[in-house]
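Sharing a structure with you now.
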Amino acid sequence: MASSNLLDWPEPIVPVQTLSNSGMSSLPQQYVKPPSERPSGVTNDPNLSIPVIDLASFSNTPEHHQEMLKAIASACKNWGFFQLVNHDVDTEAVRRMRSAWREFFDLPMEEKKAHANLPVTYEGYGSRLGVEKGAILDWSDYYFLNLFPSDIRNLDKWPKIPTDLREATEKYACQLISLCQVLLKAMSSSLGLEEDYLHNAFGGSDGISATMRVNYYPRCPQPELTLGLSSHSDPGGITLLLTDDNVEGTQVRKGDAWVTVQPVPGSFLVNVGDQIQILSNGRYRSVEHRALVNSDKERFTIAFFCNPRGNLPVAPASELVGPGSPALYQEAVTFSDYRKYIRTKGPSGKTQVQSISSAMQPGPAA
């Protein structure tokens with residue numbers, strides 16, 4: 001789609017929070033998903049639970065270090081997700097971040113609308129992803145920001161109210177980008193690559209890109225008919241999700257089932273994005289996930305996306321390609337070009353990464 005078509009939304013934007021607060025008893029038709037996409041197939045089988053990884057082992061004894069690398073490799077191959085504990089992100093930074101952004105979403109609607117976004121960058125306050133006219137929408141509002149490198153920041157997009165929001169976001173972002181660099185090293189080592197391989201493939205210390213999406217899922221009159229965020233794999237590198245302590249809602253696809261994440265207190269939910277799937281030549285897999293809503297409680301999460309620098313071509317690591325492991329992705333693509341798909345089409349399962357594969361790939365691990 002030509003960039004000129006990304007300059008405005010195809011239909012007037014109505015914040016979902018406005019619809020939720022109106023007291024409506026039935027879901028507007030533009031939010032009703034086809035039966036095949038509605039919440040179903042949910043499992044809480046204790047044998048199907050997201051792996052938990054203790055990052056403290058990364059700097060512990062060599063034996064513990066190797067065990068952690070094995071755990072990361074297993075989680076990235078078999079789930080594409082893990083919950084990370086003992087990550088050293090300051091609990092006060094997390095508390096301030098949650099508090100400031102909850103306060104923002106509690107502001108009067110006109111104050112939030114002053115930060116309304118456009119599809120050309122997505123920065124700001126919004127309620128849809130994708131620009132196809134007549135698309136079925138998700139039941140959520142969000143705030144999207146560019147964070148790193150500093151030259152992509154537009155501080156005009158950072159709300160001034162609440163007054164501590166900018167400082168809280170800056171401190172939180174600095175801690176999370178440091179954590180992502182640790183995770184990139186661990187993932188590199190667990191793939192048998194040089195420790196700095198993924199870090200450098202993402203652009204190195206001055207080039208790694210990071211963005212953030214604060215997700216607000218208002219109460220929904222008919223949650224069985226819709227989703228807060230449709231099924232998708234993340235187009236970027238790795239995602240760190242700060243989940244809601246009080247309300248479940250994130251689901252991960254496992255074979256034909258959807259597994260509801262049971263958040264571990266103080267953890268981050270980490271998932272592999274499409275760029276890691278490409279760089280690892282399919283050894284580590286991005287996996288579909290989605291967000292549910294409910295009629296009784298609102299839900300609030302913060303997603304931090306660590307991505308390759310936008311203009312860097314991304315292709316499988318040469319060390320992971322050979323006679324018995326041909327390149328699954330023949331043509332390198334930049335992340336700036338790659339993410340245009342989801343910004344145009346909206347969340348669409350794993351359609352995009354599968355479309356660029358040069359070989360038929362199996363579905364998510366069962």
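The values are calculated or read from the model by the stated rules, or taken from the named source; none is laboratory data. Note that the structure is a prediction, hence the values are computed from the model and not measured. Cβ atoms come from the backbone with ideal geometry, glycine included; neighbour counts cover every protein chain shown. Note: areas computed on protein heavy atoms with side chains; ligands, DNA, RNA excluded. Shrake-Rupley method; radii C 1.70, N 1.55, O 1.52, S 1.80 Å.
Please determine, by comparing only the residues of region 281-295 that are of a type in the set (Ser, Thr, Tyr) and in contact with a Cys (Cβ under 8 Å, 6 or more places away or on another chain), which one is least open to solvent (accessible area, probe 1.4 Å).
Here the residue is Tyr284.
Is there any pair linking a residue in region 239-260 that is touching a residue at least 40 places away in the same chain (Cβ under 8 Å) to one that is acidic (Asp, Glu) and surrounded by fewer than 22 Cβ atoms within 10 Å (Cβ to Cβ), with Cβ under 7 Å and at least six apart or on different chains, and which?
Arg253/Glu288; Thr260/Glu248
Inside region 245-280, can you point out the residues that are among the charged types (D, E, K, R) and open to solvent by 10 Å² or more (accessible area, probe 1.4 Å)?
The answer is Asp245, Glu248, Arg253, Lys254, Asp256.
Which ones in region 1-53 are at pLDDT below 95, of a type in the set (S, T, N, Q) and surrounded by 13 or more Cβ atoms within 10 Å (Cβ to Cβ)?
Listed by number, the residues that qualify are Asn5, Thr43, Ser49.
Could you tell me which residue of region 111-144 is most open to solvent (accessible area, probe 1.4 Å), considering only residues that are acidic (Asp, Glu) and closer than 25 Å to Lys297 by Cβ?
Ranking the candidates gives Glu111 first.
Of the conditions (1) more than 21 Å from the chain's Cα centre (by Cα); (2) outside any loop (DSSP other than H, G, I, E, B), Ser26 fails just one. Which one is it?
(2)
State all residues of region 296-329 that are of a type in the set (A, V, I, L, M) and open to solvent by 10 Å² or more (accessible area, probe 1.4 Å); if no residue qualifies, say none.
Leu312, Ala315, Val321, Ala327, Leu328 - these are the residues of region 296-329 that are of a type in the set (A, V, I, L, M) and open to solvent by 10 Å² or more (accessible area, probe 1.4 Å).
Also, I was wondering about something else. How many residues, within region 337-353, are without any contact (Cβ under 8 Å) to a residue 12 or more places away in the chain and of a type in the set (A, V, I, L, M)?
The total comes to 0.
Could you list, in sequence order, all residues of region 207-229 that are of a type outside the set (Val, Ile, Thr), within 21 Å of Gly273 (Cα to Cα) and modelled with pLDDT of 95 or more?
Ser209, Ala210, Met212, Arg213, Asn215, Leu227, Gly228, Leu229
Which one of these is closer than 28 Å to Pro221 by Cα and among the hydrophobic types (A, V, I, L, M, F, W, C): Ala317, Ala332, Ala257?
Just one listed residue meets the conditions, Ala257.
Yes/no per residue for (1) surrounded by fewer than 16 Cβ atoms within 10 Å (Cβ to Cβ); (2) of a type in the set (D, E, K, R); (3) touching a helix residue (DSSP H, G or I) at 6+ places or on another chain (Cβ under 6 Å); (4) part of a loop (DSSP other than H, G, I, E, B):
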{"position": "Lys160", "(1), (2), (3), (4)": "yes, yes, no, yes"}
{"position": "Ile177", "(1), (2), (3), (4)": "no, no, no, no"}
{"position": "Leu184", "(1), (2), (3), (4)": "no, no, yes, no"}
{"position": "Glu194", "(1), (2), (3), (4)": "yes, yes, no, yes"}
{"position": "Leu198", "(1), (2), (3), (4)": "no, no, yes, no"}
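Which of the following residues is closer than 15 Å to Phe268 by Cβ, outside any strand (DSSP E or B), open to solvent by 40 Å² or more (accessible area, probe 1.4 Å) and out of contact with any Leu (no Cβ under 8 Å at 6 or more places or on another chain): Ala56, Ala75, Ala93?
Answer to the check: Ala56.
Oh, and also: State which residue is modelled with the lowest pLDDT when the search covers only region 254-273 and only residues that are farther than 24 Å from Leu184 by Cβ and not in a loop (DSSP other than H, G, I, E, B).
Here the answer is Ala257.
Same structure again: So Thr334 clears everything in (1) within 20 Å of the chain's Cα centre (by Cα); (2) open to solvent by less than 40 Å² (accessible area, probe 1.4 Å); (3) touching a residue at least 60 places away in the same chain (Cβ under 8 Å) except one condition, right? Which one?
(3)
So is Asn117 touching a strand residue (DSSP E or B) at 6+ places or on another chain (Cβ under 8 Å), in contact (Cβ under 8 Å) with a residue 12 or more places away in the chain and closer than 30 Å to Ser20 by Cα or not?
yes
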